[in-house]
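Since every read-out is calculated from the coordinates, none of them should be taken as a lab result. Treat the numbers as computed from the prediction; the structure is a model and nothing was measured.
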Amino acid sequence: MLIKVLMLFFSVILIINGIYFLTHAHKSFLLFHPEKFPSLRIILIISGIILLVVAIFGIISLFFDNTVFTLLVLCAGCLCAVIPEVFIIQYMDK
């Protein structure tokens with residue numbers, strides 16, 4: 001039961017992060033200015049969509065008691081949350 005609650009929490013975090021990326025793809029946020037860099041805008045849009053897809057898989061995994069599927073979704077979510085930040089960091093202070 002606890003893993004389902006934590007998985008739901010993880011999926012909500014991915015949804016919030018994905019929506020944030022999608023809503024800020026055309027306006028500046030923090031130190032980044034996607035309106036100046038079209039490639040940064042593309043990274044944000046693709047990352048936002050991927051995070052939302054992984055979050056949907058996370059919500060789907062709540063209904064199945066398949067540990068392997070849950071583990072795969074958790075690993076995919078972690079990777080999909082870290083990789084965009086690695087790409088975005090190169091646009092800091094440009």
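Here are the numbers:
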read-out: Measure of compaction for the chain (Cα Rg per 2.2 N^0.38 Å); value: 1.18
read-out: Helix 38-61 vs. the chain, principal-axis angle (Cα, 0 to 90°, nearest 10); value: 10
read-out: Added length on full extension, which subtracts the Cα-Cα distance from 0.36 nm per residue, Ser28 to Val5; value: 4.9 nm
read-out: Degrees, to the nearest 10: 2-23 long Cα axis against longest axis of the chain; value: 20
read-out: Crossing angle, helix 67-88 versus the chain [Cα axis fit, 0-90 degrees, rounded to tens]; value: 10
